[in-house]
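*Asks:* Let me give you the structure first, and then I'll get to my questions.
The values are calculated or read from the model by the stated rules, or taken from the named source; none is laboratory data. Small disclaimer: the values here were computed from a predicted structure and weren't measured. All Cβ positions, even for glycine, are placed from backbone atoms using ideal geometry, and neighbour counts span all protein chains on display.
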Amino acid sequence: MINMDKILDREKILNEIEKLDESCVSELVFFDETSSTNDDAKKLANKGAKDCTLIIARRQNGGRGRMGRSFLSEEGGIYLSYIIRPKSTLYSALKITAGAAVAVMRAIKSYCGDVLIKWVNDVYIGNKKACGILCESAISDGGKSADFIVVGIGINVFGKSESFGGELKDIVTTIEENTDIDININKLAAEVVSNLYKVYKSLDNFDDIISAYRENSLVLGQNVYLFEAGKKALVNVLDIDDEGALIVKDEFSNIRKIGSGEVSLRFKE
Ligand code: BTN
């Protein structure tokens, strides 16, 4: 018999959201398959979709990741995009980027320990990636405010890392691989969104969230390679500031602040 807790279902997600906090979703758009929920979200937001509209899909055939990469999105994962319209200015973007990782981390922790955040917003279980987050925003008002932000989240829930094939199998994992608890995917999706809503509503009062981010950081205190504009630099991560920016010291003892942008980190072997 098919276990329906393993299959994303619109009514079941709504039912779980109702149990947690119904104000966290104003509208739910559900797809069996779409190209990219972030693209759907941006189209809907440009047409005036409400704050807290949720787009969710069982699979994507054109899932996108950071830095122009693709994001493998087979059935068995959660692929969602959440449209928010923050009142505050652009500074919300980096905060929500970091905060989204805390939202996902908290939801995954009910299934397994050892859930950590790799700056800026990859969620790892052990030393393998279980979730990627891509935040995209539309800027208006001469760049002073974000008209909307789309928070796109992809979580590997069921399956084995081998099924990701190629290089991915060594660097990604799924929640199922790391837990003995039966996973209810609809409940998990609802928990992620409810946590994300809490993060969104805490943008002006971010202390708890950024503390959780720091406490669960995979990179704080580590030596890592920073890749930026085609250049590679070895840095030591000194701190993560209140907005989620990374404070690093380079080999020449220069201290720098790194916002998100097109920057990636890799661990020193
Ligand atoms: C990354 O790891 O580089 C970020 C991956 C983000 C994937 C999610 S899945 C839902 C949403 N739709 C997309 O096309 N991308 C994001």
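*Asks:* Out of the residues in the stretch 74-100 that are buried (at least 18 other Cβ atoms within 10 Å of the Cβ) and either of a type in the set (Ser, Thr, Tyr) or within 23 Å of residue 169 (Cβ to Cβ) (or both), state the one that is farthest from the ligand (Cβ to nearest atom).
*Replies:* Within the stretch 74-100, the match that is farthest from the ligand (Cβ to nearest atom) is 92.
*Asks:* How about the stretch 45-54: which of its residues are at pLDDT 95 or above and either near the ligand (Cβ under 10 Å from one of its atoms) or under 16 Å from residue 134 (Cβ atoms) (or both)?
*Replies:* Result: 54, single match.
*Asks:* Out of all the residues in the stretch 148-159, is one or more more than 26 Å from residue 226 (Cβ to Cβ), at pLDDT 95 or above and more than 15 Å from the ligand (Cβ to nearest atom)?
*Replies:* Yes, the stretch 148-159 contains a residue that is more than 26 Å from residue 226 (Cβ to Cβ), at pLDDT 95 or above and more than 15 Å from the ligand (Cβ to nearest atom).
*Asks:* From (1) within 10 Å of the ligand (Cβ to nearest atom); (2) without any contact (Cβ under 8 Å) to a residue 40 or more places away in the chain; (3) surrounded by 19 or more Cβ atoms within 10 Å (Cβ to Cβ), pick out the condition that doesn't hold for residue 69.
*Replies:* With (1) within 10 Å of the ligand (Cβ to nearest atom); (2) without any contact (Cβ under 8 Å) to a residue 40 or more places away in the chain; (3) surrounded by 19 or more Cβ atoms within 10 Å (Cβ to Cβ) applied to residue 69, the lone miss is (3).
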